[in-house]
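Engineer: Take a look at the following structure, please.
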Amino acid sequence: MNKLNILIVEDEKSQREMLCGFLSKEGHAVKEAENGENALIIVKEGHFDLLLLDYKMPGMNGLEVLEEVKRINPDIDVIMMTAFGTIETAVKAMKTGAVDYITKPVELDELLLHLNRISERRVLIRENEILRQELRDKGVTADRIISKSPEMENLVNMAGRIASSRATVLIQGESGTGKELLARLIHNLSPRSERLIIAVNCGAIPETLLEAELFGHEKGAFTGAAGRRIGRFEEADGSTLFLDEIGELSPPVQVKLLRFLQEREFQRLGGNQTIRADVRVISATNSDLESKVREGAFREDLYYRLNVVVMSIPPLRERKADIPPLVDYFLKRYARENGKDVDGLSHEARDLILKYDYPGNVRELENIIERAVVICRGRIITVEDLPFRARPTLAEMRRQGGHTMKESIETLEHRLIEEAMEEAQGNQTRAAERLGISERMLRYKLKKYGFKH
């Protein structure tokens with residue numbers, strides 16, 4: 001773990017000294033502040049990667065300090081320390097800009113997990129900024145991968161590490177997740193970027209024409225072939241060929257593609273001249289190729305040739321941290337394109353946007369924002385401009401079911417645990433990390449709410 005510059009903001013001296021001593025022994029550079037006012041002075045004077053910030057303090061409370069810190073330096077990560085059970089406080093802290101929260105008394109092993117994640121993310125951010133600067137230096141104004149989530153930052157980072165090789169890449173992900181954007185990023189960072197990337201959607205070309213499209217054909221190769229045609233592999237010599245929907249290839253085309261990947265040569269349809277080409281192949285699929293291999297619909301040897309490097313893009317519902325920056329990007333873009341003076345969303349609309357699951361992924365989010373900009377009557381997009389309805393709020397649930405505040409909090413806690421377990425596919429370690437609690441605490445909650453595990 002890379003060492004961090006940490007400021008502990010805690011009014012209890014014993015807690016402050018305990019955390020300071022523990023983190024110093026772990027090799028971090030640590031400073032202390034006994035209240036929010038002193039913390040802000042220290043933040044203005046020094047450089048910090050992380051604040052461990054107590055919520056309940058005399059004078060300024062943690063949320064007030066958090067807001068001021070983010071105004072001073074938005075790049076500082078903040079973990080809110082809050083008394084056990086104050087879930088609403090934690091939710092407010094996350095909305096205000098905290099990266100996470102931990103309950104008191106602080107479990108030191110849990111704290112180390114948080115610090116590891118923050119350290120890894122900050123390294124990724126620094127490396128990715130270097131990659132993006134490299135793109136700008138090459139004259140590429142934007143790679144258009146708008147992300148804040150660790151999952152996407154990891155993929156951007158991997159793109160930079162594999163760009164200079166000629167290894168084949170298989171990009172997996174649901175439709176609309178941005179597979180072609182990732183392929184273009186790899187190309188733009190590579191030594192081949194001086195030439196245009198060639199993209200082919202294998203599912204959009206009739207099977208009878210796809211072989212000629214990829215490998216070209218000679219005059220008279222088939223009815224209607226009035227002359228020689230250069231195929232996409234020949235056109236991409238010295239560059240990158242992106243093959244989208246690779247799972248749709250017919251068996252004969254699979255054979256020719258396998259031969260090219262093995263020998264770096266091919267023949268045009270209807271010809272006998274062997275042509276060599278230096279082409280880096282990046283393919284993408286939204287289908288399960290392993291299942292197709294088992295069913296005999298896709299060659300196993302070709303599958304292993306294609307997936308030398310595998311990059312899997314998670315669906316948008318699993319990386320909701322990317323939604324706010326994507327919304328802001330699409331909002332500015334479509335307001336400009338449509339000549340509309342739209343510059344924001346209402347709190348209710350933004351909350352609804354964040355809760356939606358996006359079966360169509362980023363493409364669906366883009367369409368939703370474009371539609372909202374077009375039909376919006378004012379400067380602010382409201383819920384009425386969105387094509388879906390919100391889930392019931394806690395207040396509505398309480399009114400409908402007569403819940404007390406305690407029951408409402410338990411309802412929210414139950415929902416958060418249920419969603420975390422679904423996202424982690426039942427893995428309690430990952431679910432606990434998502435919730436920011438210990439596995440022991442998660443097991444207690446699972447038992448309390450009657451989850452089967």
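The values are calculated or read from the model by the stated rules, or taken from the named source; none is laboratory data. Source: prediction; values computed, not measured. Neighbour counts are summed over all protein chains in view; Cβ atoms, including those assigned to glycine, are modelled from backbone coordinates with ideal geometry.
Engineer: Here is a list of conditions, (1) more than 24 Å from residue 122 (Cα to Cα); (2) touching a residue at least 12 places away in the same chain (Cβ under 8 Å), and residue 81 meets all of them except one; can you say which number that is?
Structural biologist: Condition not satisfied by residue 81: (1).
Engineer: Looking only at region 212-264, count every residue that is over 18 Å from residue 274 (Cβ atoms) and in contact (Cβ under 8 Å) with a residue 60 or more places away in the chain and tell me the total.
Structural biologist: 3
Engineer: So which helices (runs of 4 or more DSSP H) stay within region 378-453 end to end and still have 3 or more residues that are at pLDDT 65 or above and acidic (Asp, Glu)?
Structural biologist: 405-423
Engineer: Any chance you could count how many residues in region 213-231 are surrounded by fewer than 20 Cβ atoms within 10 Å (Cβ to Cβ) and not in a strand (DSSP E or B)?
Structural biologist: Residues flagged as surrounded by fewer than 20 Cβ atoms within 10 Å (Cβ to Cβ) and not in a strand (DSSP E or B) within region 213-231 amount to 13.
Engineer: Residue check: is residue 203 at pLDDT 90 or above, under 28 Å from residue 357 (Cβ atoms) and either crowded, with 19+ Cβ neighbours inside 10 Å or assigned by TED's automatic domain parsing to the domain that holds residue 247 (or both)?
Structural biologist: no
Engineer: Can you name the residue in region 343-365 that is buried (at least 17 other Cβ atoms within 10 Å of the Cβ) and among the hydroxyl-bearing types (Ser, Thr, Tyr) and is also nearest to residue 151 (Cα to Cα) among such residues?
Structural biologist: So, considering only residues that are buried (at least 17 other Cβ atoms within 10 Å of the Cβ) and among the hydroxyl-bearing types (Ser, Thr, Tyr), the one nearest to residue 151 (Cα to Cα) is 358.
Engineer: Restricting attention to region 31-47, which residues are of a type in the set (A, V, I, L, M, F, W, C) and either surrounded by fewer than 21 Cβ atoms within 10 Å (Cβ to Cβ) or not assigned by TED's automatic domain parsing to the domain that holds residue 72 (or both)?
Structural biologist: Result: 40, 41, 42.
Engineer: Shifting gears a bit: What do you reckon, is residue 189 more than 26 Å from the chain's Cα centre (by Cα) and buried (at least 17 other Cβ atoms within 10 Å of the Cβ)?
Structural biologist: no
Engineer: Something else now. What tally of residues in region 82-134 results from selecting those that are modelled with pLDDT of 80 or more and over 26 Å from the mean Cα position of the chain (by Cα)?
Structural biologist: 8
Engineer: Could I ask something else about it? Out of everything in region 165-186 that is part of a loop (DSSP other than H, G, I, E, B) and under 17 Å from the mean Cα position of the chain (by Cα), what residue ends up being nearest to residue 145 (Cα to Cα)?
Structural biologist: Only one residue fits best here, namely 178.
Engineer: Is it true that residue 365 is without any contact (Cβ under 8 Å) to a residue 40 or more places away in the chain, under 15 Å from the mean Cα position of the chain (by Cα) and not assigned by TED's automatic domain parsing to the domain that holds residue 420?
Structural biologist: In short, no.
Engineer: For residues that are surrounded by 16 or more Cβ atoms within 10 Å (Cβ to Cβ) and under 18 Å from residue 195 (Cα atoms), scanning just region 135-158, find the one that is modelled with the highest pLDDT.
Structural biologist: Within region 135-158, the match that is modelled with the highest pLDDT is 135.
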